[in-house]
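The block underneath contains the structure these notes are about, expressed in structure tokens.
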Amino acid sequence: MVARVCLRNPAPAVRVFGDEDLWVAYDATSGDTHLLDRVCLELFRLLSVSSATVDELRNSLLLNFPDDDPELIAQGIDAAIVRLERANLIVNEFN
Amino acid sequence: LKVSGLSRSAVGDALQSGSLCIDIHPFTFRLRSDIPLLADEIARIYGDFPLADATGFTDFHVEVSYARGVRRWLRPLARFFLDGLPSFVPLPAHQALAMLEWGINWCVAAHSHQYLVIHAAVVERGGRALILPAPPGSGKSTLCAALINRGWRLLSDELALYDIGSRRVYGMARPVNLKNQSIAIVHAHTPQAVISAPVADTSKGTVALMKPPAASVLRSREPALPAWIVLPRYQEGSEPLLDPHEKARTFMLLAEQCFNYDIHGRAGFDAIGDLVETCDCYQFTYSRLDDAERIFAGLAAAGRDG
């Protein structure tokens with residue numbers, strides 16, 4: 001079975017400032033505030049709609065950015081998932 | 001009646017008896033001390049602050065007095081007390097004024113959770129606040145001292161009190177803390193500034209307090225609308241550089257410099273988010289106070305005209 005990723009808190013507080021590349025998220029469970037980048041934001045938005053596998057996340061972003069290098073996008077997504085996991089903002093759905 | 005309305009001996013007597021109550025809006029402080037030097041400096045530096053009713057409620061009961069024992073006669077130490085309980089390690093008695101200031105900062109930062117208390121200088125012009133958050137050593141107090149001697153109103157050089165409900169900032173208009181070279185720099189910049197006797201060998205080096213402008217103290221009840229957040233960075237010999245600073249990074253810096261961000265939880269997150277959103281955010285590198293005055297005057301004029 002392929003693991004699905006979801007937001008740990010389904011209604012997190014986020015603040016995005018215009019078209020800046022960085023944004024902040026507040027985790028009410030831990031009280032921590034995180035500074036995150038744009039790729040994390042795109043994943044965050046996708047996951048706020050529904051949980052997804054890593055492949056589904058990659059495919060969604062590839063569809064959104066068809067002109068970009070797929071390999072680059074895949075690497076960016078993998079790194080962003082690690083950042084979101086380290087921030088404890090996403091979890092494996094079956095955890 | 002202001003503190004300056006009391007004679008020097010009356011200030012000393014009131015301090016001795018613990019009946020010197022000063023209105024440092026939005027708080028009142030009851031001060032007690034048996035250290036004569038402190039009476040002199042309070043009379044001088046806090047002269048423009050109104051006295052509060054000594055029979056009424058006071059927010060903080062503060063005492064800086066000689067530590068007891070024989071040591072007092074050999075190498076006297078001062079102790080800080082809040083509500084009769086000792087706090088902090090004792091310091092050499094000649095550092096009593098610095099101890100009082102640091103203690104008052106702690107009283108406000110650790111207990112005033114009706115505000116977001118941010119480690120920042122705040123000055124105002126035209127009703128709008130320029131917030132200068134920064135770690136120690138960035139030159140914010142020196143910058144603050146220069147600006148308030150050139151037409152800006154002092155709210156604070158140390159603690160911005162951000163009212164979450166009204167989204168306005170208060171500042172108490174307390175004396176400006178100067179350290180080391182900044183004492184001479186401010187004295188040269190504004191020879192008429194009233195500065196306390198420098199206190200050497202503190203944990204921050206040599207420190208002194210600049211008396212706040214009377215007009216700022218008179219208006220200390222007036223909050224200001226945050227308009228600019230500027231991260232100052234003193235760099236010797238540099239030309240002035242005012243660059244936009246990403247709001248998300250500004251957010252994180254404000255949260256780090258906020259003494260009670262964690263206590264406010266989600267409300268604190270939203271409040272800092274609103275604060276950053278409504279302000280223009282910059283990083284400012286400088287080496288000359290004249291440059292800073294000119295650039296900030298330009299910011300204020302552009303905001304007014306725009």
Any lysines whose Cα falls less than 18 Å from that of B:Lys211, other than same-chain ones fewer than 8 residues away, would be B:Lys2, B:Lys140, B:Lys179
The relative contact order of chain A, taking Cα pairs under 8 Å that sit 6 or more residues apart, comes to a percentage of 38 percent
For an R0 of 30 angstrom, estimate the FRET efficiency from the Cβ-Cβ distance between B:Asp53 and B:Ser9 and round to the nearest 0.05.
0.90
Per-residue counts of other Cβ atoms within 10 Å, averaged by peptide: what ranking do you get for B:1-12, B:280-291, highest first?
B:280-291, B:1-12
Residues other than B:Tyr115 with Cβ under 13 Å of its Cβ, Lys/Arg counted +1 and Asp/Glu -1, net out at 0
In whole Hz, with x marking every Gly and Pro, tabulate ³J(HN,Hα) for region B:2-14 from phi via Karplus 6.51 cos²θ - 1.76 cosθ + 1.60, θ = phi - 60°.
9, 4, 5, x, 8, 5, 4, 6, 5, 5, x, 5, 5
How tilted is helix B:261-278 with respect to the longest principal axis of chain B? Cα atoms for both, answer in degrees (0 to 90, nearest 10).
40 degrees
Where does chain B land at 222 nm, in deg cm²/dmol rounded to the nearest 500, when only DSSP H runs of n ≥ 4 count, each adding -39500 (n - 2.57), divided by all residues?
-10500 deg cm²/dmol
Three principal axis lengths of chain B [C-alpha, angstrom, descending]:
59, 42, 34
With 10 Å bins from zero, work out the P(r) of region B:1-142 over every alpha carbon pair and list the percent per bin.
11, 36, 35, 16, 1, 0
Normalised by the empirical 2.2 N^0.38 Å for globular proteins, what value does the Cα Rg of chain A take?
1.04
Output ³J(HN,Hα) for region A:16-27: one whole-Hz value per residue in order, computed from phi by the Karplus curve 6.51 cos²θ - 1.76 cosθ + 1.60 with θ = phi - 60°, and x for Gly and Pro.
10, 9, x, 9, 5, 6, 9, 8, 10, 10, 10, 9
Using a Förster radius of 56 Å, what is the FRET efficiency between A:Leu72 and B:Asp290 based on their Cβ-Cβ separation? Nearest 0.05, please.
0.70
So which chymotrypsin sites (Phe, Trp or Tyr not before Pro) in region A:5-94 pass both tests, a DSSP loop state and at most 16 other Cβ atoms within 10 Å of the Cβ?
A:Phe94
Rg/Rh (Cα only; Kirkwood hydrodynamic radius) as it applies to the protein assembly as shown
1.07
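Here, each number is a calculation from the coordinates, and none is a lab measurement. Keep in mind that this is a model prediction, so the values were computed, not measured. Note that each Cβ is placed from the backbone with ideal geometry, even for glycine, and that neighbours are counted across all protein chains shown.
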